[in-house]
Amino acid sequence: MKVFEIVEDDRHYYIISELMGGGELYERILQMKRFTEKDCVQIVWQILRGLNYMHKKNIVHRDIKPENVLMESKDSKNTNLKITDFGFAKCYDPSEGGLTETLGSPLYMAPEIIKKLPYDCSVDIWALGVLTYIMLSGKPPFKGKSKEEIFA
């Protein structure tokens, strides 16, 4: 998502960015319940392109979930997507053995994060797999106590 300006006053920071009028992918999932394979592929392809760009630069997002994917327009068949919320993202050096912090949204966390094992950018691919499962089936692959239970 393009950021045009960051402004601060005595109490707040303001980020002026491009308008993503289609809202969060999360809202679209609630609305659609399930996506066709064709529509799902278009979404996953765009997210994979974004992740590929980040991963080539050794950046791990660590919080891929539908709330962090914004849609440019309400037309689900023909819209650009943007990955947002890089609050947990981190640059890492693959030669140092991986990351160890336990960060992310539990439903989308890869097993190595939960087990507190070293991990790399593959955790973003795991999270995208969970997201893909939700888009195709209309429910999460795992039970849990979070707002994702809405899908169940």
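Which of the residues spanning segment 29-69 are modelled with pLDDT of 95 or more and hydroxyl-bearing (Ser, Thr, Tyr)?
Residue satisfying the conditions is Tyr53 alone.
Please verify whether Leu19 is more than 14 Å from the chain's Cα centre (by Cα) and either outside any loop (DSSP other than H, G, I, E, B) or surrounded by fewer than 17 Cβ atoms within 10 Å (Cβ to Cβ) (or both), treating the condition exactly as stated. Steps first, please.
Working: more than 14 Å from the chain's Cα centre (by Cα): yes; either outside any loop (DSSP other than H, G, I, E, B) or surrounded by fewer than 17 Cβ atoms within 10 Å (Cβ to Cβ) (or both): yes.
Considered against the rule, which asks whether it is more than 14 Å from the chain's Cα centre (by Cα) and either outside any loop (DSSP other than H, G, I, E, B) or surrounded by fewer than 17 Cβ atoms within 10 Å (Cβ to Cβ) (or both), Leu19 comes out as yes.
What about Ile43, is it β-branched (Val, Ile, Thr), in contact with a Leu (Cβ under 7 Å, 6 or more places away or on another chain), surrounded by 19 or more Cβ atoms within 10 Å (Cβ to Cβ) and in contact (Cβ under 8 Å) with a residue 12 or more places away in the chain? It would help to see each step written out before you state the result.
Working: β-branched (Val, Ile, Thr): yes; in contact with a Leu (Cβ under 7 Å, 6 or more places away or on another chain): yes; surrounded by 19 or more Cβ atoms within 10 Å (Cβ to Cβ): yes; in contact (Cβ under 8 Å) with a residue 12 or more places away in the chain: yes.
Against the criterion (β-branched (Val, Ile, Thr), in contact with a Leu (Cβ under 7 Å, 6 or more places away or on another chain), surrounded by 19 or more Cβ atoms within 10 Å (Cβ to Cβ) and in contact (Cβ under 8 Å) with a residue 12 or more places away in the chain), Ile43 qualifies.
Which residue out of Asp63, Asp39 is closer than 26 Å to Lys139 by Cβ, in contact with a Gly (Cβ under 8 Å, 6 or more places away or on another chain) and not β-branched (Val, Ile, Thr)?
Values: Asp39 fails: in contact with a Gly (Cβ under 8 Å, 6 or more places away or on another chain).
That would be Asp63, the only listed residue that is closer than 26 Å to Lys139 by Cβ, in contact with a Gly (Cβ under 8 Å, 6 or more places away or on another chain) and not β-branched (Val, Ile, Thr).
Residue by residue through segment 17-28, note down the ones that are in contact with a strand residue (DSSP E or B) (Cβ under 7 Å, 6 or more places away or on another chain) and modelled with pLDDT under 90.
Of the residues in segment 17-28, the ones in contact with a strand residue (DSSP E or B) (Cβ under 7 Å, 6 or more places away or on another chain) are 17, 20, 22-25, 28.
Across segment 17-28, the qualifying residues are Ser17, Met20, Gly22, Gly23.
Looking only at segment 105-128, which residues are over 17 Å from Asp85 (Cβ atoms) and surrounded by fewer than 21 Cβ atoms within 10 Å (Cβ to Cβ)?
Listed by number, the residues that qualify are Ala110, Pro111, Glu112, Ile114, Lys115, Lys116, Leu117, Pro118, Asp120, Ser122, Ile125, Trp126.
If you take the residues in segment 114-129 that are free of Cβ contacts under 8 Å to residues at least 60 places away in the same chain and in a helix (DSSP H, G or I), which one is nearest to Ile59 (Cα to Cα)?
Taking segment 114-129 and keeping what is free of Cβ contacts under 8 Å to residues at least 60 places away in the same chain, we get 114-119, 122, 126, 129.
Checking which are in a helix (DSSP H, G or I) leaves us with 114, 122, 126, 129.
Working: Ile114: 20, Ser122: 11, Trp126: 15, Gly129: 18 Å.
Here the answer is Ser122.
Output the residue which, of all residues in segment 22-55 that are basic (Lys, Arg) and under 17 Å from the mean Cα position of the chain (by Cα), is farthest from Asp93 (Cα to Cα). Write out each step before concluding.
Here is the first cut: in segment 22-55, the ones basic (Lys, Arg) are 28, 33-34, 38, 49.
Now narrow it down to the ones that are under 17 Å from the mean Cα position of the chain (by Cα): 28, 49.
Details: Arg28: 36, Arg49: 21 Å.
Of everything passing the filter in segment 22-55, Arg28 is farthest from Asp93 (Cα to Cα).
Looking at Thr36, Thr100, which one is out of contact with any Ser or Thr (no Cβ under 8 Å at 6 or more places or on another chain) and farther than 21 Å from Ile134 by Cα?
Values: Thr36 fails: farther than 21 Å from Ile134 by Cα.
That would be Thr100, the only listed residue that is out of contact with any Ser or Thr (no Cβ under 8 Å at 6 or more places or on another chain) and farther than 21 Å from Ile134 by Cα.
The values are calculated or read from the model by the stated rules, or taken from the named source; none is laboratory data. Remember, it's a predicted structure, so these values are computed and weren't measured experimentally. Cβ coordinates were reconstructed from backbone atoms using ideal geometry, including for glycine residues, and neighbour counts include every protein chain displayed.
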